[in-house]
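Below is a structure I'd like to ask you about.
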Amino acid sequence: MKLQQLRYIWEVAHHDLNVSATAQILYTSQPGISKQIRLLEDELGVEVFSRSGKHLTRITPAGEQILQVAGDILSQVESIKKIAQEFNSEQRGDLSIATTHTQARYVLPPVINRFMEFYPEVSLHMHQGTPAQISDMAADGTVDFAIATEAISSHQDLIMMPCYSWNRVVIVPEGHELLNEKYLTLEKLAEYPLVTYIKGFTGRSKLDEAFEKHRLRPDIVFTASDSDVIKTYVKMGLGVGIVASMAYDREKDYGLVGLAADELFEPSITNIGLRKNAFMRGFMYDFIARFAPHLTKEVIDEAFYMHVHREDVSSLFNDMTLPSY
């Protein structure tokens with residue numbers, strides 16, 4: 001059994017069983033990958049993939065378990081490399097982050113700017129996707145950590161740590177009749193067509209829960225994952241917008257007026273998810289501390305320790321006051 005063979009089956013499994021596409025990504029040949037997979041299966045005495053002719057059709061039950069262990073092994077290999085890098089050069093390396101549009105567009109830019117000024121020899125790579133997608137990227141080692149609000153908090157293969165709390169703002173075009181209301185209520189909002197986030201994005205679940213709690217059925221006429229898209233359609237008069245508070249800037253969002261909605265919705269928590277067996281380099285600790293100052297090296301190490309000993313990591317943050325955005 002070779003490490004290269006484990007890499008091949010892992011990559012093939014994560015590229016829709018497409019050997020040709022995997023070969024291109026790994027800069028090798030399709031026949032070479034197919035041969036090594038066959039050699040590994042012959043050695044193990046079981047098939048990792050089912051086949052129809054020359055095409056892989058699905059992962060076998062045995063393959064599912066083999067791939068899980070292979071993923072752990074490959075993750076440990078990456079940790080070994082990072083350990084060596086940390087001792088060779090503390091200021092040089094790669095940092096990969098997976099996050100959503102809202103975090104990438106509105107929250108992370110100043111953090112990344114300061115980080116890159118301090119670590120000019122660290123290459124930073126940002127991946128964007130749905131909360132579910134970025135959670136999977138962190139869990140399988142594609143990225144070092146994931147930052148999001150929805151979905152990520154329930155991912156079992158990640159150590160979850162809260163970064164900050166935030167709420168929503170209602171946005172309307174200048175001159176909108178809602179601006180004449182003395183008090184903004186959910187009942188009043190439900191009278192208008194609404195423009196907000198797609199389900200599963202940017203705390204959408206808290207918005208839905210608030211309306212459901214008051215037995216209201218809002219007319220959500222347009223949804224998007226991108227706050228800028230939502231604001232564009234609100235300007236067009238499509239409806240009243242509800243976006244994350246950090247996505248609205250009174251000076252930059254010309255033609256739109258924001259109405260505080262803290263009393264209408266429960267605050268959401270943005271989390272950072274770390275792989276349970278990840279090796280943390282010094283600049284990784286530093287990045288997290290710049291993003292969420294309460295997540296010091298000591299706190300992060302304690303979270304890893306608690307996870308290893310199967311303790312409830314969330315209890316570490318029960319009495320901690322989170323910063324608000």
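Tell me the per residue accessible area of the chain using a 1.4 Å probe; a whole number in Å² is fine.
53 Å²
Moving to a separate point now. Hey, what do the phi angles of region 299-315 turn into as Karplus ³J(HN,Hα) couplings, whole Hz, using 6.51/-1.76/1.60 and θ = phi - 60°, x for Gly and Pro?
Working through the residues one at a time gives 5, 5, 4, 5, 5, 4, 4, 5, 5, 4, 8, 6, 8, 6, 4, 4, 5 Hz.
What number comes out for the charge environment of Ser268, summing +1 per Lys or Arg and -1 per Asp or Glu over other residues with Cβ under 10 Å away?
Details: positive: Arg168, Arg204, Lys206; negative: Glu150, Glu266.
So the surrounding residues net to +1.
Rg/Rh for region 72-134 to two decimals, with Rh computed the Kirkwood way over all alpha-carbon pairs.
Details: Rg = 13.9 Å, Rh = 13.3 Å.
Using only Cα positions, Rg/Rh for region 72-134 is 1.04.
Moving to a separate point now. May I ask you to evaluate 6.51 cos²θ - 1.76 cosθ + 1.60, the Karplus curve with θ = phi - 60°, for each residue of region 230-237 and list the ³J(HN,Hα) values in order in whole Hz, giving x for glycine and proline?
4, 5, 4, 6, 5, 4, 6, x
Compute the distance in nm between two label points, each set 7 Å from the Cα along the Cα-to-Cβ direction, one at Lys2 and one at Arg105.
Spacing of the two 7 Å Cα→Cβ label points: 4.7 nm.
OK, next. Out of the total accessible area of region 24-63 (probe 1.4 Å, heavy atoms of protein only), what percent is carbon and sulfur? Write down the numbers at each step before the final one.
Values: 1410 of 2670 Å².
About 53 percent, which is the carbon plus sulfur part of the accessible surface.
Something else about it: Out of Ser315, Gln103, Val122, whose Cα points farthest toward the positive end of the dipole of the chain (charges: +1 Lys, Arg; -1 Asp, Glu; placed on Cβ)?
The residue sitting farthest along the positive end of the dipole is Val122.
Additional query: To the nearest 10 degrees, how steep is helix 61-88 against the longest Cα principal axis of the chain, on a 0 to 90 scale?
80 degrees
Return the aspartates and glutamates within reach of Lys35: Cα separation strictly under 17 angstrom, same-chain partners fewer than 8 residues apart disregarded; answer none if there are no such residues.
List returned: Glu11, Glu43, Glu47.
Okay, moving on. Mind telling me which of Asp72, Asp42, Asp286 comes out most flexible in a GNM of the chain, alpha-carbon contacts under 10 Å?
Comparing Asp72, Asp42, Asp286 in a Gaussian network model of the chain, the most mobile one is Asp42.
Given +1 on the Cβ of Lys and Arg, -1 on the Cβ of Asp and Glu, and no further charges, what dipole in debye does the chain carry about its Cα centre, rounded to the nearest 20?
Working: 31 positive and 43 negative charges, 137 e Å.
Value, rounded to 20: 660 debye.
Go through region 134-149 residue by residue and turn each phi into a ³J(HN,Hα) via Karplus (6.51, -1.76, 1.60, θ = phi - 60°); whole Hz please, and just put x for glycine and proline.
Per-residue couplings from phi come out as 6, 4, 5, 4, 6, 5, 9, x, 5, 10, 6, 7, 10, 10, 6, 10 Hz.
If you take the beta carbon distance between Leu216 and Ser324 as r and set R0 to 30 Å, what does 1/(1 + (r/R0)^6) give as a FRET efficiency, to the nearest 0.05?
On the way: r = 26 Å, r/R0 = 0.87.
The computed FRET efficiency comes out at 0.70.
What is the set of long-range amide H partners of Thr99 at a cut-off below 5 Å, with H atoms built 1.01 Å from backbone N?
For Thr99, the qualifying residues are His127, Gln128, Gly129, Ile147.
Return the long-range amide H neighbours of Asp94 (sequence gap of 5 or more, or a different chain), with a cut-off of under 5 Å between placed amide H atoms.
Here Ser123 satisfy the definition.
Normalised by the empirical 2.2 N^0.38 Å for globular proteins, what value does the Cα Rg of region 197-241 take?
Values: Rg = 11.0 Å, N = 45, 2.2 N^0.38 = 9.3 Å.
Compactness ratio reported: 1.18.
Over region 278-324, what percent of the accessible surface lies on carbon and sulfur atoms, probe 1.4 Å? Please list the in-between numbers first.
Numbers: 1290 of 2540 Å².
C and S fraction of accessible area: 51 percent.
On to the next question. Binning at 5 Å from 0, report for region 40-199 what percent of all alpha-carbon pair distances ends up in each bin.
1, 6, 11, 13, 12, 13, 11, 9, 7, 6, 4, 3, 2, 1, 0
To the nearest 10 Å², what's Asp219's accessible area with a 1.4 Å probe?
Accessible area, nearest 10 Å²: 80 Å².
Taking N as the number of residues in region 241-325, what is its alpha-carbon radius of gyration divided by 2.2 N^0.38 Å?
On the way: Rg = 17.2 Å, N = 85, 2.2 N^0.38 = 11.9 Å.
Scaled against compact globular proteins, the figure is 1.44.
Let me ask something else about it. If we count every other residue with Cβ under 12 angstrom of Tyr106's Cβ, Lys/Arg +1 and Asp/Glu -1, where does the sum land? Display every interim value, and only then the final one.
Working: positive: Arg105, Lys231, Lys252; negative: Asp226, Asp228, Asp249, Asp253.
Neighbourhood net charge equals -1.
Which distance in Å, rounded to a whole number, links the C-alpha centroids of region 267-315 and region 102-143?
About 15 Å separates the Cα centre of region 267-315 from the one of region 102-143.
Tally up the carbon and sulfur contribution to the accessible surface of region 171-262 as a whole percent, 1.4 Å probe, everything protein left in place.
Carbon and sulfur atoms account for 47 percent of the accessible area of region 171-262.
What whole-number volume per residue, in cubic angstrom, does the convex hull of the C-alpha atoms of the chain give?
Working: hull volume 58.4 nm³, N = 325.
Looking at the chain, the number lands at 180 Å³ per residue.
Which cross-chain or sequence-distant (5 or more) residues have an amide H under 5 Å from the amide H of Val257, H modelled 1.01 Å from N in plane?
Placed amide hydrogens put Val172, Glu174 under 5 Å from Val257.
May I pose another question? What does the charge add up to near Ile9, with Lys and Arg as +1, Asp and Glu as -1, over the other residues with Cβ less than 15 Å from its Cβ? Could the numbers behind the result be given before it?
Values: positive: Lys2, Arg7, Lys35, Arg38, Arg51, Arg58; negative: Glu11, Asp16, Glu41, Asp42, Glu43, Glu47, Glu64, Asp72, Asp140.
Within the 15 Å Cβ shell, the charges total -3.
The values are calculated or read from the model by the stated rules, or taken from the named source; none is laboratory data. Note that the structure is a prediction, hence the values are computed from the model and not measured. As a convention, Cβ positions derive from the backbone with ideal geometry for all residues, glycine included, and neighbour counts pool all protein chains shown. Heavy atoms of the whole protein, side chains included, go into the accessibility calculation; ligands, DNA and RNA do not. Shrake-Rupley method; radii C 1.70, N 1.55, O 1.52, S 1.80 Å.
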